[in-house]
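One structure is given below, encoded as structure tokens.
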Amino acid sequence: MSSSRSRPVIVWFRRDLRIADNPALTEVAATGAPVIPLYIHDPALDGRPMGAASGWWLDKSLRALATELEERGAPLLLRSGDPEATLRVVINETGADAVLMNRMFEPAAWERDAEIAHGLKADGVACRGFNGTMLARPGSVRTGQDAPYRVFTPFLKALLDKAEEPAPRDGPRTLDGVAGLTGEAVDDWGLHPLRPDWSTGFDWTPGESGAREALSRFLAGPLTVYGEGRDIPGEDGTSRLSPHLHFGEISPWRAIRAARQAAKDGRVPGKQAEKFVSEVGWREFSTHLLHHFPYMAERAFRPEFEAMAWRDDGEGLEAWKRGMTGYPVVDAGMRQLWATGWMHNRVRMIVASFLVKDLLVDWREGEAWFWDTLVDADMGANIQNWQWVAGSGADAAPYFRIFNPVTQGEKFDGEGKYVRRWVPELAGLSDRWIHAPWTAPTEVLAAAGIRLGRDYPAPIVDHAMGRKRALDALEQIKSARDKD
Ligand code: FAD
């Protein structure tokens, strides 16, 4: 692009709701062309309807981005509708001759963007995509046999070897906006829940400055003991960057560069910084996998798992969603999710295992609930992790490794801090009984003011029975596969 151009350029924002380290925005600012920052509200941006908690986040993140862009001289234009049709309307209104975007890698989004680029190009509008959301573009990290990786550890190594670190960029200070455009208002989209407002416990600051604050807080404290602290749900031991990363309010490079810099400066041990890098690597692995194996959004990555005899257990599923299973750590997790839009990773694994193994309910049911209720709901991460827990995924936990919700609770929440916070009706129980209240003597329960079945449920399933039932179901698919 030459700097003498005067026709405006559209920067189509999607999962890159930030100014800094934004390749599409940096590119257009460098040309000096007038810029139209555009967000198109399409509830199926990923190829599936957006979850409610994601809508809550998007509402605030867009407002934050709009403020930043306004200050720089180019207000954010909001429109809603089919992306291609909307882009064409804006192109006609403004005479824009280029659309720049940071790529989305979810399979349906990827295809849609390719079609849009093709269609616009045919009409003389240039369309350019950049990678602003991942450490490496899916497709760029491949095995020696030129295939996508299916195992995490070699993937991570190849990723860190091959990914090219971009120079950090603060982003443009001023932009040349286009006057006279009328858009919609975030309020028009009803993304914030009103009747009822279930978000009163959502304690988050969506937007780029919220992301920076979360990163600073993490570097100053939890990162120093991250490897161990990240497994303790009762402590604030992780970064809580997941929704910020999902919405592109911070680039993953900025996050890992800051962690590594903290190690270089001697503020945190190097191994802790690298542990954090490897967790961000799981985010990459998830996105790359879904990109290469789109069928895993609907079906088991390992085809034999499609024959699994999942149970139709509406009541069990409902008790799980409401945090009323009778297993304290499971219920604490599900209630944390409902109240805050987020759940600690260790507990995500425990509750997911409980649903797919103890209750033998299809992982897709759990994935759908998480999709609706998580502020960090992310197709790649959610699908990959659910399949990982179910045993049907790439590099998945072996199916026979079934979490015991009582011993998991005792191991990672030994003092019951997490359970007491989210299941307050059990707060009066001592550490000894808090993870298995049904084993407590009646007088202990009475002294803690609990009658099982009235104040807190008795377990909805016996773990030993559920475990055996799950293993039997696995045996069945294994023998069916061996017969084939
Ligand atoms: P940190 O420990 O600070 O990790 C840093 C970053 O690394 C995270 O922000 C995240 O981007 C990435 N990350 C960490 N662990 C994983 C992982 N296992 N898989 C992929 N990325 C990871 N994460 C999502 O972002 N969206 C989801 O929809 C999602 N669904 C999940 C479903 C299940 C059943 C499970 C077991 C895990 C899921 N995760 C998901 C992964 C993980 O639980 C969250 O990323 C993490 O808890 C976010 O908290 P944090 O930012 O404090 O994590």
Residues satisfying the stated conditions in region 223-266, i.e. more than 9 Å from the ligand (Cβ to nearest atom), within 23 Å of A136 (Cα to Cα) and in contact (Cβ under 8 Å) with a residue 24 or more places away in the chain
F247, G248, E249, I250, S251, W253, R254, I256, R257, A258, A259, A262
Quick one: which of A297, A309 is surrounded by fewer than 21 Cβ atoms within 10 Å (Cβ to Cβ), in the same structural domain as I477 (by TED's automatic domain parsing) and in contact (Cβ under 8 Å) with a residue 60 or more places away in the chain?
A309
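Which one of these is of a type in the set (A, V, I, L, M, F, W, C) and within 13 Å of A53 (Cβ to Cβ): V351, V375?
Working: V351 fails: within 13 Å of A53 (Cβ to Cβ).
Every option except V375 fails the conditions.
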Residue count, region 232-244, condition surrounded by 16 or more Cβ atoms within 10 Å (Cβ to Cβ), part of a loop (DSSP other than H, G, I, E, B) and not aliphatic (A, V, I, L, M), comes to 7
Filter result (within 9 Å of the ligand (Cβ to nearest atom) and in a loop (DSSP other than H, G, I, E, B)) within region 376-406
D376, A377, D378
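Anything in region 25-38 that is among the β-branched types (V, I, T) and in a helix (DSSP H, G or I)? List them, or say none.
Step one: filter region 25-38 for residues among the β-branched types (V, I, T), giving 26, 28, 31, 35-36.
Matches in region 25-38: T26, V28, T31.
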For region 39-84, give me each residue that is in a loop (DSSP other than H, G, I, E, B) and over 23 Å from A98 (Cβ atoms).
P43, A44, D46, G47, R48, P49, M50, G51
Which pairs turn up if I take residues in region 269-285 that are more than 16 Å from G229 (Cβ to Cβ) and in contact (Cβ under 8 Å) with a residue 24 or more places away in the chain and look for partners that are among the aromatic types (F, W, Y) and assigned to a helix (DSSP H, G or I) with beta carbon separation below 6 Å, at least 6 apart in sequence or on another chain?
F285/F152; F285/F155
Exactly one of (1) surrounded by fewer than 16 Cβ atoms within 10 Å (Cβ to Cβ); (2) farther than 17 Å from R112 by Cα is unmet by L69. Its number?
(1)
Mind counting the residues in region 51-93 that are without any contact (Cβ under 8 Å) to a residue 60 or more places away in the chain, among the aliphatic types (A, V, I, L, M) and under 21 Å from A108 (Cα atoms)?
1
Taking interchain pairs and intrachain pairs at least six residues apart, which have beta carbon atoms under 9 angstrom, with the first residue in region 447-460 and assigned by TED's automatic domain parsing to the domain that holds W422 and of a type in the set (A, V, I, L, M) and the second surrounded by fewer than 13 Cβ atoms within 10 Å (Cβ to Cβ) and part of a loop (DSSP other than H, G, I, E, B)?
A448/S430; L452/A458
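Hey, among the residues in region 316-370 that are β-branched (V, I, T) and surrounded by 20 or more Cβ atoms within 10 Å (Cβ to Cβ), which one's farthest from the ligand (Cβ to nearest atom)?
In the first step, residues of region 316-370 are kept if they are β-branched (V, I, T); the result is 325, 329-330, 340, 347, 350-351, 356, 361.
If we keep only those that are surrounded by 20 or more Cβ atoms within 10 Å (Cβ to Cβ) too, we end up with 325, 329-330, 347, 350-351, 356, 361.
Values: T325: 16, V329: 14, V330: 13, V347: 9, I350: 9, V351: 8, V356: 9, V361: 13 Å.
The extreme case among them is T325.
Would it be correct to say that W438 is in contact (Cβ under 8 Å) with a residue 12 or more places away in the chain and either surrounded by fewer than 19 Cβ atoms within 10 Å (Cβ to Cβ) or touching a strand residue (DSSP E or B) at 6+ places or on another chain (Cβ under 8 Å) (or both)? Reasoning before the result, please.
Details: in contact (Cβ under 8 Å) with a residue 12 or more places away in the chain: yes; either surrounded by fewer than 19 Cβ atoms within 10 Å (Cβ to Cβ) or touching a strand residue (DSSP E or B) at 6+ places or on another chain (Cβ under 8 Å) (or both): yes.
It is true that W438 is in contact (Cβ under 8 Å) with a residue 12 or more places away in the chain and either surrounded by fewer than 19 Cβ atoms within 10 Å (Cβ to Cβ) or touching a strand residue (DSSP E or B) at 6+ places or on another chain (Cβ under 8 Å) (or both).
Quickly run through region 441-464 and pick out the residues that are surrounded by fewer than 17 Cβ atoms within 10 Å (Cβ to Cβ) and within 19 Å of M324 (Cβ to Cβ).
From region 441-464, those surrounded by fewer than 17 Cβ atoms within 10 Å (Cβ to Cβ) are 441-444, 446-447, 449, 451-455, 458, 462, 464; that's our starting set.
Listed by number, the residues that qualify are G449, R451, L452, G453, R454, D455, A458, D462.
The values are calculated or read from the model by the stated rules, or taken from the named source; none is laboratory data. It should be emphasised that the depicted structure is a prediction, and the values quoted were computed from it without experimental measurement. Cβ: placed from backbone, ideal geometry, glycine included. Neighbour counts: every protein chain shown.
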